[in-house]
Amino acid sequence: SLHLRDDIEVGGKIEVGEDLTCERKIKVGGRIEVGGKIKTYRIIVGGRLDAKETYAEDGFRIGKKAEVSGFVHSKEILIRERARTDSLYGDDIRIEERARVKSVYGRTIYIERNAIVTGEVLYTESLESERDVEFKQEPRKVDQLPPPEEVKDK
């Protein structure tokens, strides 16, 4: 596994066989492939992210048409238009138009038009969705989100 104290900024590709821990920011223009889990303060990915799980304490952002595989847990999550992801767990989550995501768990969730959510949606405070958002399951307001460990495989 790799543990870094400084920012990582790469235009192309990062590949790590096991876990990747970065105490500050990871910024990758292309793709990041990690055999285990990613743990960082903030992560921004332009192209593709592959990891078993990504935990970004402060923020997670992926670019337009980007692809993410693996569970994502972060305070603020921004999924840009036409991106595709697995499940998302956070405080404030924004999913832009025509993105396709699995399940979404958040305090406040905003989903732009023509996005598709293939799993469940649980929220504690507010859910706003623009027209023609496709939910495979009816979103539910809950008093408390289940812990990430319980939902990361959904």
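Footprinting exposure proxy ranking of Val121, Val133, Val16, fewest other C-beta atoms within 10 angstrom first, gives Val16, Val133, Val121.
When +1 charges are put on Lys and Arg Cβ atoms and -1 charges on Asp and Glu Cβ atoms, the dipole computed for the stretch 2-146 relative to its Cα centre reaches about 380 debye.
Would you mind ranking Val72, Val34 by Cβ crowding within 10 Å, fewest neighbours first? Kindly include the intermediate steps, with their values, before the conclusion.
Working: Val72 29, Val34 22.
With the fewest neighbours first, Val72, Val34 line up as Val34, Val72.
Phi angles across the stretch 87-93 convert, under the Karplus curve 6.51 cos²θ - 1.76 cosθ + 1.60 with θ = phi - 60°, into 3J(HN,Hα) values of 6, 10, 9, x, 8, 10, 10 Hz, Gly and Pro given as x.
Residues Asp6, Asp50, ranked from the fewest to the most other C-beta atoms within 10 Å, line up as Asp6, Asp50.
A short reminder: the numbers here are calculations on the coordinates, not readings from a lab. Source: prediction; values computed, not measured. Using ideal geometry, Cβ is built from the backbone for each residue, glycine included, and neighbour counts are taken over all protein chains shown.
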